[in-house]
């Protein structure tokens with residue numbers, strides 16, 4: 001396993017992070033479609049991830065309506081893992097009840113939810129507390145001061161964002177700087193070789209501000225696992241086949257997969273490992289979140305850290321997957337001041 005400093009902090013995290021959206025989804029609507037792992041399987045996954053060198057686990061208060069956090073916290077206890085050896089990340093923003101204040105990034109909701117997450121995770125502090133989305137109804141100053149108070153109280157060590165647009169992330173950083181508050185060290189966003197839209201604005205902002213990128217759904221809900229074919233056939237039923245809210249240009253994605261299949265065969269690796277390795281070679285990426293329903297999937301994903309791509313291979317993958325230029329990008333590309 002390899003490790004990187006997360007953004008502009010001193011926090012070292014494994015370049016693969018264990019995702020927990022597949023934990024505890026039974027009877028929980030959309031989460032049942034993603035995964036329904038219960039305690040024995042969760043214990044097994046976390047045990048194997050830690051054995052492989054993963055120290056970073058990501059969850060959220062909304063996953064399986066809190067059940068994911070409960071299973072994660074109990075697994076750490078069951079396995080006798082040393083809490084200080086782990087980096088636990090969770091999130092707040094999504095609706096957790098029917099009340100008008102049971103969602104968003106108000107001080108009230110943040111303070112309620114951090115206590116609930118701490119209880120479910122069976123810990124007295126959260127390493128990385130993330131704003132799961134952005135809340136247009138709440139002033140950023142209110143959100144960030146609430147986060148600051150959590151850091152001051154010792155309940156949270158670092159803060160980050162998730163699913164933010166570039167301008168909103170920059171505004172959050174500016175507000176923190178203006179008021180002398182702790183700022184985001186990370187941004188959790190969707191990114192994959194088949195969906196590179198993040199590169200238009202968010203990735204340049206992350207690199208400029210030294211904010212670490214945590215990638216969710218790096219295999220594009222399983223599309224990049226290698227088991228799907230152009231004609232719609234698949235080796236086995238999967239998440240992409242039944243539930244994927246990620247907009248994907250499938251024709252373009254299968255052009256990319258054609259190249260991935262050939263390259264994976266030449267390198268003696270799998271399409272999934274190659275897709276993850278491409279992300280691990282991107283300069284903005286601090287950690288790639290991997291989630292699995294089966295141990296075989298987890299084992300396959302863990303192998304991505306051992307895949308090295310040559311400059312020629314990276315160029316080939318870039319050529320088949322690069323975005324078309326949009327305005328104002330094409331204007332910027334025409335100007336050379338060097």
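Which ranges mark the helices (runs of 4 or more DSSP H) fully within the stretch 258-338 that have 2 or more residues being surrounded by 11 or more Cβ atoms within 10 Å (Cβ to Cβ) and within 21 Å of the chain's Cα centre (by Cα)?
Values: elements: 271-280, 295-302, 311-321, 329-334.
Answer list for the stretch 258-338: 271-280, 295-302.
Looking at the stretch 182-199, which of its residues are farther than 24 Å from residue 90 by Cβ and touching a helix residue (DSSP H, G or I) at 6+ places or on another chain (Cβ under 7 Å)?
First pass over the stretch 182-199, keeping only residues farther than 24 Å from residue 90 by Cβ: 193-197, 199.
Passing the criteria: 193, 194, 196.
Listed here are the residues, each with its yes/no results for (1) at pLDDT below 95; (2) surrounded by fewer than 20 Cβ atoms within 10 Å (Cβ to Cβ); (3) assigned to a strand (DSSP E or B).
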| site | (1), (2), (3) |
| --- | --- |
| 1 | no, yes, no |
| 10 | no, yes, no |
| 17 | no, no, yes |
| 43 | no, yes, no |
| 46 | no, no, no |
| 53 | no, yes, no |
| 57 | no, no, yes |
| 61 | no, no, no |
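Tell me whether the stretch 73-88 contains one or more residues that are buried (at least 23 other Cβ atoms within 10 Å of the Cβ), within 23 Å of residue 150 (Cα to Cα), in contact with a helix residue (DSSP H, G or I) (Cβ under 6 Å, 6 or more places away or on another chain) and in contact (Cβ under 8 Å) with a residue 40 or more places away in the chain.
There is no residue in the stretch 73-88 that is buried (at least 23 other Cβ atoms within 10 Å of the Cβ), within 23 Å of residue 150 (Cα to Cα), in contact with a helix residue (DSSP H, G or I) (Cβ under 6 Å, 6 or more places away or on another chain) and in contact (Cβ under 8 Å) with a residue 40 or more places away in the chain.
Quick grid of which residues meet (1) closer than 24 Å to residue 20 by Cβ; (2) assigned to a helix (DSSP H, G or I):
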{"site": "137", "(1), (2)": "no, no"}
{"site": "147", "(1), (2)": "yes, yes"}
{"site": "158", "(1), (2)": "yes, no"}
{"site": "173", "(1), (2)": "no, yes"}
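The values are calculated or read from the model by the stated rules, or taken from the named source; none is laboratory data. Here the structure is a predicted model, which is why all the values come from computation and not from measurement. Note that each Cβ is placed from the backbone with ideal geometry, even for glycine, and that neighbours are counted across all protein chains shown.
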